[in-house]
Amino acid sequence: MTIPYQLFIALRYLKSKKRRKSLSFSVVISICGVTVGVMALLVVLSVMSGFHEDLQKKILGVNSHVIVLNYKGTIEDPFAISQRIKDEPHVVALSPFVMGQVMVSHGKKAHGVFLRGIDISLESKTTDILRYLKNTNVDDLQQKDTLPWIILGRELAFTLGALVGDVVNVISPMAEIGPLGVLPKTRSFRVAGIFEVGMFEYDANLVVTDLRAAQEFFGYGKSVTGIAIKIDDIYKATEVKESIVKKLTFPFYAKDWIQMNRNLFSALKLEKFAMFIILTLIILVASFNIVSTLMMNVMDKQKEIAILKSIGATNRDIMLIFMIQGLIIGIIGTAIGLIGGYTLGKLIDSYEIVKLPADVYYLSKLPVKMKLTDFLLVSLSAVLISFISTIYPSYQAAKLQPVELLRYE
């Protein structure tokens, strides 16, 4: 199999004049420019994808995919409503819940939180909140005690100085009339466990207790705030929500996880796109190195170009030589950048090189999720930019006239 002479000459022009076995310095610089650009773009996109996926995983670990609510504020017969929607397509499990804002105090410390009342046997089928318990079994929550159990987020427990076995007071903003007059409603709970989701928003602002205890505390009787629903495909949540609303009709309504977190995920998507555009500029800057390298080659190889033309090489052949040369630089730089980006991403993910303040970024470590689509998109973009950068220098080389170049030789 014979190699096209254009490719042979392009490879030869990549080498140094003094040492034919090594690449020229300008070629090495151009390759490094593309490599750095591709690496930076891949690492940032992988981190953004990881952040998106990790955040989504934690949000869906604590919250259900769809929730059914009532405009009246409470659902009076959750069992009957559950029976009506349990056979809807994609519905896997349902569980009633009670949710309200309260203040939790321990000693001289207090913090405002959301109190969620759950049915343990059903909750484990709809969310993963109980899987985040630290050094506590679910069976421990069902042990009989004079006080109802409560589990706190790790950050909240740290803030209050509360440990497993301690008693905390839950204070409702809804007042009740007692012997001393109108006072905030207060009840004592025993800390049965600590959970850690790894997301500050939940670890610091959520407490969980038994459904009946929450119903009694908020004065709901047998009513609940809503019904949590788990489905088999999280991306069909909107479809399931609309189907449920259509079946239940007013005053019932439903929300899906996409709707409840729309602003957050939209911002992440926009930020990822913006970072792609910004970091692509690094590859564009690197492409100027390719342009300058090819222009220097054109000036340096004028005599050789004239000789090639005089023995029959066409303008198209000359253009092809320099375009292949620039494309090889882009492909080599992209290939090294892909390997470097993948390696760096693995190192960041495996060794947790970068730590994050959880109260600012929701996460405690820098997540990395390397997607094949990101790698393909970056590769194609880098090679395309490298190819485009070869057009002008190649055109200039093709315009050279052999008669003018060889006149004084």
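Within the range 202-227, which residues are closer than 14 Å to Ser82 by Cβ and in a helix (DSSP H, G or I)?
Selection gives Leu211 alone.
Quick check, is Thr186 surrounded by 15 or more Cβ atoms within 10 Å (Cβ to Cβ), part of a loop (DSSP other than H, G, I, E, B), at pLDDT below 90 and not small (Gly, Ala, Ser)?
no
(1) in a loop (DSSP other than H, G, I, E, B); (2) polar (S, T, N, Q); (3) free of Cβ contacts under 8 Å to residues at least 60 places away in the same chain: which one isn't true of Ser64, the others all being true?
Ser64 satisfies all of (1) in a loop (DSSP other than H, G, I, E, B); (2) polar (S, T, N, Q); (3) free of Cβ contacts under 8 Å to residues at least 60 places away in the same chain except (3).
Residue by residue, here is whether (1) free of Cβ contacts under 8 Å to residues at least 12 places away in the same chain; (2) surrounded by fewer than 22 Cβ atoms within 10 Å (Cβ to Cβ); (3) among the acidic types (Asp, Glu); (4) farther than 18 Å from Tyr202 by Cα holds:
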residue: Val27; (1), (2), (3), (4): no, no, no, yes
residue: Ile31; (1), (2), (3), (4): no, no, no, yes
residue: Thr35; (1), (2), (3), (4): no, no, no, yes
residue: Leu45; (1), (2), (3), (4): no, no, no, yes
residue: Phe51; (1), (2), (3), (4): no, yes, no, no
residue: Asp54; (1), (2), (3), (4): no, yes, yes, no
residue: Ile59; (1), (2), (3), (4): no, yes, no, no
residue: Asn70; (1), (2), (3), (4): no, yes, no, yes
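Within the group His52, His106, which residue is in the same structural domain as Arg212 (by TED's automatic domain parsing), in contact with a Leu (Cβ under 6 Å, 6 or more places away or on another chain) and farther than 30 Å from Thr390 by Cα?
From the options His52, His106, the qualifying one is His106.
Let me confirm something: among Ser243, Ser292, Ser287, which residue is assigned to a helix (DSSP H, G or I) and closer than 30 Å to Leu122 by Cβ?
Checking each option against the conditions leaves just Ser243.
(1) part of a helix (DSSP H, G or I); (2) touching a strand residue (DSSP E or B) at 6+ places or on another chain (Cβ under 8 Å): which one isn't true of Tyr253, the others all being true?
It is condition (1) that Tyr253 fails.
Just one of (1) surrounded by fewer than 18 Cβ atoms within 10 Å (Cβ to Cβ); (2) out of contact with any helix residue (DSSP H, G or I) (no Cβ under 7 Å at 6 or more places or on another chain); (3) of a type outside the set (A, V, I, L, M, F, W, C) trips up Lys247, so point out which.
Going through (1) surrounded by fewer than 18 Cβ atoms within 10 Å (Cβ to Cβ); (2) out of contact with any helix residue (DSSP H, G or I) (no Cβ under 7 Å at 6 or more places or on another chain); (3) of a type outside the set (A, V, I, L, M, F, W, C) one by one, Lys247 breaks only (2).
Quick one: in the range 256-299, of everything that is of a type in the set (D, E, K, R) and surrounded by 14 or more Cβ atoms within 10 Å (Cβ to Cβ), which residue is nearest to the chain's Cα centre (by Cα)?
Residue satisfying both the conditions and the ranking: Lys272.
Does the range 228-240 include one or more residues that are β-branched (Val, Ile, Thr), over 18 Å from the mean Cα position of the chain (by Cα) and assigned to a helix (DSSP H, G or I)?
Among the residues of the range 228-240, at least one is β-branched (Val, Ile, Thr), over 18 Å from the mean Cα position of the chain (by Cα) and assigned to a helix (DSSP H, G or I), which makes the answer yes.
What number of residues in the range 225-281 are within 30 Å of Thr35 (Cβ to Cβ) and at pLDDT 85 or above?
0
Kindly check whether there is at least one residue in the range 78-89 that is touching a strand residue (DSSP E or B) at 6+ places or on another chain (Cβ under 8 Å) and among the acidic types (Asp, Glu).
No, every residue in the range 78-89 fails to be touching a strand residue (DSSP E or B) at 6+ places or on another chain (Cβ under 8 Å) and among the acidic types (Asp, Glu).
Quickly run through the range 303-318 and pick out the residues that are touching a helix residue (DSSP H, G or I) at 6+ places or on another chain (Cβ under 9 Å) and assigned to a loop (DSSP other than H, G, I, E, B).
Matches in the range 303-318: Ala313, Thr314.
Would you check which residues across the range 291-319 are touching a residue at least 60 places away in the same chain (Cβ under 8 Å), hydrophobic (A, V, I, L, M, F, W, C) and closer than 13 Å to Tyr13 by Cα and list them?
Those that are touching a residue at least 60 places away in the same chain (Cβ under 8 Å), hydrophobic (A, V, I, L, M, F, W, C) and closer than 13 Å to Tyr13 by Cα: Leu294, Met295, Met296, Val298, Ile305, Ile318.
Hand me the list of helices (runs of 4 or more DSSP H) wholly inside the range 344-409 holding 1 or more residues that are at pLDDT 85 or above and assigned by TED's automatic domain parsing to the domain that holds Met39.
Here the list reads 372-389, 391-399.
Name every residue in the range 4-34 that is assigned to a loop (DSSP other than H, G, I, E, B) and either touching a Gly at 6+ places or on another chain (Cβ under 7 Å) or modelled with pLDDT of 65 or more (or both), in order of residue number.
Answer for the range 4-34, where residues must be assigned to a loop (DSSP other than H, G, I, E, B) and either touching a Gly at 6+ places or on another chain (Cβ under 7 Å) or modelled with pLDDT of 65 or more (or both): Pro4, Leu14, Ser24.
The values are calculated or read from the model by the stated rules, or taken from the named source; none is laboratory data. Being a predicted model, the structure only gives us computed values, none of them experimental. Cβ: placed from backbone, ideal geometry, glycine included. Neighbour counts: every protein chain shown.
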